[in-house]
Amino acid sequence: MSDSTLSQNSLMIERIFDAPVAYIWQLWTQPELFKSWYGPQGFSIPVAEMDIQVGGKRLFCMQSPDGNMKMWLAGEYVEIVPNKRLVYTERMADEHGNALPPSPDGGNKDFLVTSEITVQLEDLGGRTKMVMTHANVPGKTEWAKSGWEQAFDKMAAHVEALPKAK
C-alpha cells in the first residue's frame, strides 16, 4: 500500500531505526518492551497482554499523564511472520476486552470501529526499516497520526538509549 492507495481513514508511517530487525520485532511483541514506547508523549501503558499467535488476543490500557483517563484497546492477531510482518486488529474495549457499545444517545460511534494495524520490517544491515499502516482509523486520522508519530519518537529514543556493540 502506498500513500496514494490508502483510504481516507487510513495512514502509513515509515521509520528507520538504528537497531536490528529482531529487536524492533521484540518491541512490538514483548509486553514489557511494548509498554516502554507505546502511546503518545506522557502516556503510559500499565497493562499489555499479548498472545502472539494467529487468533491470539491482545489487550492493553493506555493511561493519560494525570492518570484520570484510561483507554482500553483489544484485538486479535491476524498474521505473524516473525521479524518481517505483524498484522492485528484493534477496537475500543473495557478492561476485560469486551467491545464497547455505542452510548444510548447514539454517540461514541468510534467505539464500533475495528482497525487493522500492519507492521512490516526490513533488515537494512543492522538497521531496520519499519512501515506501519493503520487502516480504518476511528475518529480523526490526524489525531491517530500524531499519536503514532509520538509513540515512534519514544521508540527511537528507546533504541538510541540501548548500549551499542563495540
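The values are calculated or read from the model by the stated rules, or taken from the named source; none is laboratory data. Source: prediction; values computed, not measured. With ideal geometry, Cβ positions are generated from the backbone for all residues, glycine too; neighbour counts draw on all protein chains shown.
Among the numbered conditions (1) at pLDDT below 90; (2) hydrophobic (A, V, I, L, M, F, W, C); (3) assigned to a strand (DSSP E or B), the only one that Phe111 does not meet is (3). A search for C-beta distances below 7 Å between a residue of the range 131-155 that is over 22 Å from Pro31 (Cβ atoms) and any residue that is of a type in the set (S, T, N, Q) and at pLDDT 95 or above, counting only pairs 6+ apart in sequence or on different chains, returns Val131/Gln120; Thr133/Thr118.
Any idea which of Gly139, Gly97, Gly106 is part of a loop (DSSP other than H, G, I, E, B) and modelled with pLDDT of 85 or more? Even if it seems obvious, please write down each step before you answer.
Numbers: Gly139 fails: modelled with pLDDT of 85 or more; Gly106 fails: modelled with pLDDT of 85 or more.
Sole residue among the options that is part of a loop (DSSP other than H, G, I, E, B) and modelled with pLDDT of 85 or more: Gly97.
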